[in-house]
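Novice: Here it is, the structure in full.
Every number here is computed from the coordinates shown, using simple stated rules; none is lab data. Computed from a predicted model, the values in this text were never measured in an experiment. Every residue, glycine as well, gets a Cβ built from its backbone with ideal geometry; the counts of neighbours run over all protein chains shown.
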Amino acid sequence: MLISQIKGLDDQIIVAAREPGAKARAVNNAASVYALAMEAADAGSTLAAVIGAHGFGDEVDLEKAYAEGRFLSPITHPDPAHLHLTGTGLTHLGSAATRDAMHKSTTEQAEEKLTDSMKMFRMGLEGGKPKPGEKGVQPEWFYKGNGTQAVAPGAPVVSPSFALDGGEEPEMAGIYVIAEDGTPFRVGFAVSNEFSDHVTERINYLFLAHSKLRPASFGPEIRIGTPPGDIRGMSRIKRGGQVLWEKPFLSGEDNMSHTFANLEYHHFKYGLFRQPGDVHVHMFGTATLSFADGIKPEAGDEFEIEVPDFGLALRNRLAVADEEQVVVRQL
């Protein structure tokens, strides 16, 4: 089942649900996807069962809503500070090559000298898929922001004026809510654009944290249930309505050096991330990005990330913020 949120004509949230290839219908008496997910989590039920119990109302034209700019992020929190955007890197087979080239010193000569990126990637290959009951190696992890940085499908991703680059990263994102007893529950998976500043990251690996403090978009739809092991999609950039760059990308555990369960454990092992009522959008990494092919996106370019098994394509245009004067004042 695919679920999404759009803004109604009265500014109320409409939750839409559909089976792949079918028309979407509004879920009756659903205040939001968040409300439905918390209802399921706290009742020990499944989201599909809760949606089925609510029942369905009018048909929802998702394409029309997209064209009218009425899509919301497929999950939101009433208080954006309680939605966490995070991610992991170097998790996909082949993901190390670009990162390694970005971080390798031009003066390194000895073959045995590995970058931290390659060391981390090898750790994942060796211990990222533990047997049941065992704990695997922890991945690279980063923080992107809270719900104020979540960009709705169709809305612009805004790069700060001080950024050196603003590039897409086509990824799968896990969507989670924390039940009242502190148990994390996975709502499902969605396509995401883990927007980053790759030029800043390339200057020095210790700038990775800075490079990730950017907006991110995910959706338009969340696929609930177990994801396929082999996920295949297409990432493209359009400029002036024409395709500037496009490339297929792979995800899913068949194409990863970590299991989703291992990545989830190393995120939620921190009590900080098991606070009742919180929402987590955790992006699982990629091996494909236009930056590796020398592409420099410009304001007005449109990022499009498409995975047919996960519903409508995710589209966002790039914008650049005006320069701000930030002054810290003494109280």
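Novice: Excluding ALA321 itself, calculate the net charge of residues whose Cβ lies under 15 Å from the Cβ of ALA321, where each Lys or Arg counts +1 and each Asp or Glu counts -1.
Specialist: -4
Novice: Points 7 angstrom from Cα along the Cβ direction at PHE56 and ASP11: gap in nanometres?
Specialist: 3.0
Novice: Treat the count of other C-beta atoms within 10 Å as a stand-in for reagent exposure and order TYR66, TYR34 from fewest to most. Write down the numbers at each step before the final one.
Specialist: Working: TYR66 18, TYR34 23.
In increasing order of surrounding Cβ atoms, one gets TYR66, TYR34.
Novice: I would also like to ask the following. Rounded to whole Hz and in sequence order, give me ³J(HN,Hα) for segment 186-193 from the Karplus expression 6.51 cos²θ - 1.76 cosθ + 1.60, θ = phi - 60°, writing x for Gly and Pro.
Specialist: Values, residue by residue: 7, 6, x, 10, 9, 5, 9, 10 Hz.
Novice: Reachable lysines from LYS269, Cα under 19 Å, same-chain residues fewer than 8 places away excluded?
Specialist: Straight-distance partners of LYS269: LYS129, LYS131, LYS135, LYS144.
Novice: When the convex hull of the Cα atoms of segment 118-204 is projected onto a plane and the area is averaged over all directions, what value comes out in nm²? Walk me through the intermediate numbers first.
Specialist: Working: hull surface 33.9 nm².
The directionally averaged projection comes out at 8.5 nm².
Novice: Follow-up. Determine which aspartates and glutamates satisfy two conditions relative to LYS238: a Cα distance under 18 Å, and not lying fewer than 8 residues away in the same chain.
Specialist: Output for LYS238: ASP165, GLU168, GLU169, GLU194, GLU246, ASP293, GLU298, ASP301, GLU302, GLU304, GLU306.
Novice: Once you place label points 7 Å from the Cα toward the Cβ at ALA299 and THR46, how far apart are they in nm?
Specialist: Simple spin-label model gives 4.8 nm for this pair.
Novice: Now a separate question. Could you give the length gained on full extension between ASN204 and ALA31, defined as 0.36 nm per residue of separation minus the Cα-Cα distance, in nm?
Specialist: Length gained, ASN204 through ALA31: 57.8 nm.
Novice: Using +1 at the C-beta of Lys and Arg and -1 at the C-beta of Asp and Glu, which of GLN242, MET118, PRO220 has the Cα lying farthest in the positive direction of the dipole of the chain?
Specialist: MET118
Novice: On a straight-distance basis, which lysines could pair with LYS7 in a cross-link, Cα separation under 23 angstrom, same-chain partners fewer than 8 positions away excluded?
Specialist: LYS23, LYS64
Novice: Next question. Relative to the compact globular guide of 2.2 N^0.38 Å, what is the alpha carbon radius of gyration of segment 76-320, as a ratio?
Specialist: 0.97
Novice: Tell me the net charge near GLU246. Cut-off is 13 Å between Cβ atoms, GLU246 excluded, with +1 for each Lys or Arg and -1 for each Asp or Glu.
Specialist: That works out to -2.
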